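Here's the structure, in C-alpha cells; my notes come after.
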C-alpha cells in the first residue's frame, strides 16, 4: 500500500470512496463523507440506489455463473472492495472461475491487493489501467483470461465518468470486439430520471476532479446495441431478476442496468 499512498489525494472527494460510504464501508475520508452527506441531503435515494446497484451486480454474476456457465470475468472500474465482490460470488458457484479486476484509482488498487483473494482452484488478478485504453486492458487481461472462451465484461457504474457519449460507446464497442461469441456484457449506470439526482450530480461534479454524467435509460441501453439482451432487458437495477416477487416488484431506483450476450 505504501507505493500507492503518495498518489492518493485526500483533499478532493472521489467517487469510489463516496460510493463506498453510501454502501456503509469504511474506506473513505472526511472529505468524501462530507460530500456524500451533502448529496444525501439533496437526494436521499442515493443510498438505496447504491445498495440496489450492488445487489444487481450480485444477481447478475450469480446468473452468469449458475445459468450461463461463465467462468471468466473482467470487471473494469471495480471500485473499493466490499461484501460479495465479483470473484467471491463467481467462485462460490464455480471455484475455478477466473476474475480480473481493473481500476486506476490508487486506493482501490491498494485495497484490492490487500483484501481480495481467490479460491485455490481459481484465479483473481488486478490491473492498473484506464478505461480509456481498452486495448491495453485486453492485452493485460489476456495473461489471465482465455479470450477464446466466453468472458463476462462488467462495466458497473463506470461509463458515467466518460463525459462524451460517443467516446463511451466507442470504448464499449472496442472491449466487446475483443470478446468471443457467447461472452456477456453486464452494465449499469446512474440515470437522469430524477430532478433531485440531477441537482446532486451537479453539486458533486462542481467539486470532483472526475465528473460523473447522468444519462437517460435509452442512452444506457445504447451501450448494449448489437447484443442479445437477457430478460428483462435494461431496467431499474432493483427490477432486474429480483430474488423474490412475493411482495411485487421492488421500488425503482435511478440506476439502470442490463445483461446482454454477444452472438
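Extension gain residue 135-residue 66, at 0.36 nm per residue separation less the Cα-Cα distance, in nm?
Roughly 21.9 nm would be gained on extension.
Calculate the tail of P(r) for the range 104-145: the fraction of all Cα-Cα distances greater than 12 Å, expressed in %. Spell out each step's value before the answer.
Details: 545 of 861 pairs.
In whole percent, the long-distance tail amounts to 63.
Relative to the compact-globule scaling 2.2 N^0.38 Å, provide the ratio for the alpha-carbon radius of gyration of the range 9-144. List each step's numbers first, then the result.
Details: Rg = 15.6 Å, N = 136, 2.2 N^0.38 = 14.2 Å.
It is 1.10.
Using a Gaussian network model on the chain with a 10 Å cutoff between Cα atoms, which of 160, 49, 25 fluctuates the most?
25
With contacts defined as alpha carbon pairs under 8 Å and 6 or more residues apart, what's the relative contact order of the chain in percent? Walk me through the numbers before you get to the answer.
Values: 482 pairs, mean separation 49.7, N = 263.
Relative contact order, the chain: 19 percent.
Jot down the per residue volume, in cubic angstrom and as a whole number, of the convex hull over the alpha-carbon atoms of the range 66-187.
Details: hull volume 12.0 nm³, N = 122.
Value for the range 66-187: 99 Å³ per residue.
Can you tell me the length gained on complete extension of the stretch residue 47 to residue 163, counting 0.36 nm per residue apart and subtracting the Cα distance?
Length difference between fully extended and current span is 39.4 nm.
Would you calculate a helix-derived [θ] at 222 nm for the chain, using -39,500 (n - 2.57) for each DSSP H run of n ≥ 4 and dividing by the full residue count, to the nearest 500?
Numbers: 9 runs with 98 residues, N = 263.
Counting only the DSSP helices, I get -11000 deg cm²/dmol.
Can you quote the Å³ per residue value for the convex hull of the Cα atoms in the range 165-263, rounded to an integer? Can you show the working numbers first?
On the way: hull volume 11.4 nm³, N = 99.
Convex hull volume per residue, Cα atoms: 115 Å³.
With springs only between Cα atoms under 10 Å apart, run a GNM on the chain and tell me which of 87, 161, 187 wobbles the most.
Looking only at 87, 161, 187, the biggest GNM fluctuation is shown by 161.
Taking the Cα atoms of the chain, report the difference between the largest and smallest coordinate on each principal axis, in whole Å and largest first.
Result for the chain: principal-axis Cα extents of 48, 46, 37 Å.
Choose one answer from 116, 220, 153: the residue with the largest mean-square fluctuation in a GNM of the chain with alpha-carbon springs under 10 Å.
Top of the fluctuation ranking is 116.
Between residue 118 and residue 173, take the C-beta separation as r, use R0 = 41 Å, and let me know the FRET efficiency to the nearest 0.05.
On the way: r = 30 Å, r/R0 = 0.74.
Given R0 = 41 Å and the Cβ-Cβ separation, E is 0.85.
Efficiency by 1/(1 + (r/R0)^6): what FRET value for residue 199 and residue 92, r their Cβ-Cβ distance, R0 = 41 Å, to the nearest 0.05?
Calculated value: 0.55.
Report the full-extension gain for the segment residue 149 to residue 84: residue separation times 0.36 nm, less the Cα-Cα distance, to one decimal in nm.
Between residue 149 and residue 84, full extension yields an extra 20.9 nm.
Using DSSP, restrict attention to beta bridges with both residues in the chain and report what percent are antiparallel, rounded to the nearest 5.
Roughly 35 percent of the beta bridges in the chain run antiparallel, per DSSP.
Rule-based calculations on the coordinates, nothing more; no lab input. None of the values given here were measured: they were computed from a predicted structure. With ideal geometry, Cβ positions are generated from the backbone for all residues, glycine too; neighbour counts draw on all protein chains shown.
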